[in-house]
Amino acid sequence: GAAAAEAAGVAPLPPPSGGATRGACAGACGGGGGCSALQAVMLDRFGNYLVQRVIQCCRGQEREAVRQQLRAAEPLLHGSAAGKHILGTMRREFGSDRAA
């Protein structure tokens with residue numbers, strides 16, 4: 001978890017509790033549209049936990065940006081054990097029609 005986040009240049013996310021978590025989400029997505037940090041950790045065996053937390057904690061436009069990035073990466077996620085954990089979280093958070 002923390003080592004993968006540090007390697008990707010992302011601070012570990014705190015438990016969901018409001019504003020601080022949303023700020024961490026913005027950091028994970030680069031804050032300005034590109035989600036290179038998110039992509040860098042999503043297939044890591046520990047980094048996938050970070051991505052799951054980002055999915056759970058983001059709201060509004062950040063959440064939509066994360067959803068779009070992960071939807072684009074679904075074929076890659078299906079082929080990986082770490083990715084399957086993310087797909088499960090996507091189903092729970094975004095609905096079953098979004099991550100089949």
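A crude spin-label estimate for the pair ARG71 and ARG59, with each label 7 Å from Cα along the Cβ direction, gives 2.2 nm. For the stretch 35-75, backbone nitrogen atoms closer than 17 Å to the point 7 Å from ARG92 Cα along Cα-to-C-beta are found at 46-59, 67.
Throughout, read-outs are computed from the coordinates displayed, never taken from laboratory work. Since the model is a prediction, treat every value here as computed from it, not as a measurement. Every residue, glycine among them, receives a Cβ derived from its backbone with ideal geometry; neighbour counts consider all protein chains shown.
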